[in-house]
């Protein structure tokens, strides 16, 4: 994609940027974000499910439906496109950010840097596109209400978590707007984000998740998911995945060859030094692995690679489809959905996977990443009520930092000023949208119960 020419001649001082943001606030006041949960572009629930199933593997669709009926929050996790339809045409400030596109509370996670540090950031970019920053923030707020309800938090506690996420987003934006650009660019990447986001109740939760994440490596996957085979033709590379249907199953030789071909071409999407790194490995096995709720039914493979001595590396190649948000935003379709995802992640994350890239397998676009690079998470549905609002503040701060990679924080700081109108407006919206999601979920459950849609756990 051709980028606009960079202008390094025209200065934009702080006062001017702040004033431009304030002018946008005057045109679209924060109270305008307290709007109805549904919009005129919304499809019916079953129509949405049917449309979202197109192109997916039919044998896995009952599993996807089974996951979505398990709870309203699970339904929400698989319905980013439905919320995009509802948000289309709603009031926005006019500032465009690179969106996560699916910024619900469970899509913030821990992962490891090449130096072994544990960082926390947004970790899912399947739907990433440029769009109104408000869309990500509203999706986060609504998800916190749903997660809190699933965890039996009080209604006041759920509302407080949603409002605190917005408050933390605003405060973080203002703080980043005061920093030198080089400092704000990589702010909040590690455990210090907990205290900076005033989420001290989460210290223990973060440390427990980080301790588990440090053990979550390719070596652990190899120990738990593979077995030695007596095949002298394999030389020293005699490890193979153990089938665990329907989650993990081997593919036939033709698919394994196609995946390996795709991984060889994927090397060209890496930066030069990392291309040299990946060429030191060799593929010894490929399997199909079912992935999370929103992606069930898409083609997803894991490949076992051998490196230096007993070293193993597990890569995931996950089918990439057009963003569910794209049809509701004025963005040009991308030629390769995997490249779109990778570009979005590299722009938004403070530190992205060094082996993140894209490829094409059997004519379909894929994104490629390390399957386990010290990944971990804090489950928002399992948090005590007095921890849920801390989690909201943490996620709000991380989302703010992510958005300032693509929109000048000084503009947003001018839009927010110093009031609480935005917190309360989005909080009220989040509660109404959670109510709507519960109604949508009930409609899906009813369809399953009457046999209109097959579902399995």
| request: Sort out for me the Cα centre separation of segment 112-147 from segment 392-434, rounded to whole Å. | output: 13
| request: Show me 399-406, 420-427 ranked by packing, highest mean number of other Cβ atoms within 10 Å first. | output: 399-406, 420-427
| field | In Å, descending, principal axis extents of the Cα set of the chain | value | 72, 61, 44
| task | Can you tell me the order of 80-88, 267-275, 16-24, 342-350 when each peptide is scored by its average per-residue count of other Cβ atoms within 10 angstrom, highest first? | result | 80-88, 342-350, 16-24, 267-275
| task | Treat each spin label as a single point 7 Å out from the Cα along the C-beta direction, and report the residue 70 to residue 247 distance in nm. | result | 1.0
| Span per principal axis, largest first, for the Cα atoms of segment 124-232 (Å) | 62, 42, 32
| remark: Rounded to the nearest 500, the 222 nm mean residue ellipticity computed for the chain from DSSP H runs (n ≥ 4, each -39500 (n - 2.57)) alone is -14000 deg cm²/dmol
| Relative exposure of 100, 158, judged by other C-beta atoms within 10 Å (fewest first) | 158, 100
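Rounded to two decimal places and with Rh computed the Kirkwood way over Cα pairs, what is Rg over Rh for segment 159-289?
Details: Rg = 22.2 Å, Rh = 19.6 Å.
Ratio of gyration radius to Kirkwood radius for segment 159-289: 1.13.
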| message | Can you give the log10 of the normalised intensity I(q)/I(0) at q = 0.14 Å⁻¹, computed with Debye over equal Cα scatterers of segment 217-370? | response | -0.72
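If you take the beta carbon distance between residue 439 and residue 31 as r and set R0 to 35 Å, what does 1/(1 + (r/R0)^6) give as a FRET efficiency, to the nearest 0.05? Display every interim value, and only then the final one.
Numbers: r = 25 Å, r/R0 = 0.72.
My answer for the efficiency is 0.90.
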| task | Hey, could you grab the Kirkwood Rh for segment 71-196? Inverse mean 1/r over distinct alpha carbon pairs, Å, one decimal. | result | 15.9
| log10 of Debye I(q)/I(0), alpha-carbon scatterers only, for segment 253-308 at 0.13, 0.17, 0.22, 0.28 Å⁻¹ | -0.39, -0.64, -0.92, -1.11
| request: Work out Dmax and Rg for segment 333-456 from the C-alpha atoms and quote the Rg first, both in angstrom. | output: 19.8, 53
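Just need the Rg to Rh number for segment 410-457, please, alpha carbons only, Kirkwood Rh.
Numbers: Rg = 18.8 Å, Rh = 13.8 Å.
Ratio value, two decimals: 1.36.
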| Expressed in nm to one decimal, what extension gain is obtained for the pair residue 152 and residue 448 from 0.36 nm per residue of sequence separation less their Cα-Cα distance? | 104.1 nm
| remark: For residue 327 and residue 419, extending 7 Å from Cα along the Cα-Cβ vector and measuring point to point gives, in nm, a value of 3.8
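Give, in whole angstrom and from largest to smallest, the semi-axes √(5λ) of the equivalent ellipsoid of segment 2-122, with λ running over the eigenvalues of the Cα gyration tensor. Don't jump to the answer; show the numbers that get you there.
Working: eigenvalues 246, 114, 47 Å².
Taking √(5λ) for each Cα gyration eigenvalue gives 35, 24, 15 Å.
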| request: Sorted from largest down, give the three principal axis spans of the alpha carbons of segment 236-277, whole angstrom values. | output: 37, 23, 19
| field | Spin-label model distance (nm) - residue 46 vs residue 223, 7 Å beyond Cα toward Cβ | value | 4.9
| note | When 362, 115, 134 are arranged by how many other beta-carbons sit within 10 Å of their Cβ, fewest first, they go 115, 362, 134
| query | Any idea how far the Cα center of segment 237-282 sits from the one of segment 306-385, in Å? | reply | 15
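With a cut-off of 8 Å between alpha carbons and a minimum separation of six or more residues, what is the relative contact order of segment 217-370 in percent? It would help to have the intermediate numbers written out before the result.
On the way: 241 pairs, mean separation 32.7, N = 154.
The normalised contact order for segment 217-370 reaches 21 percent.
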| request: Quickly rank 8-15, 201-208, 407-414 as a protection proxy: mean count of other C-beta atoms within 10 Å, highest first. | output: 407-414, 201-208, 8-15
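Only the coordinates and a few stated rules stand behind these numbers; no lab work does. Computed from a predicted structure; not experimentally measured. Virtual Cβ from ideal backbone geometry, glycine too; neighbours counted across all protein chains shown.
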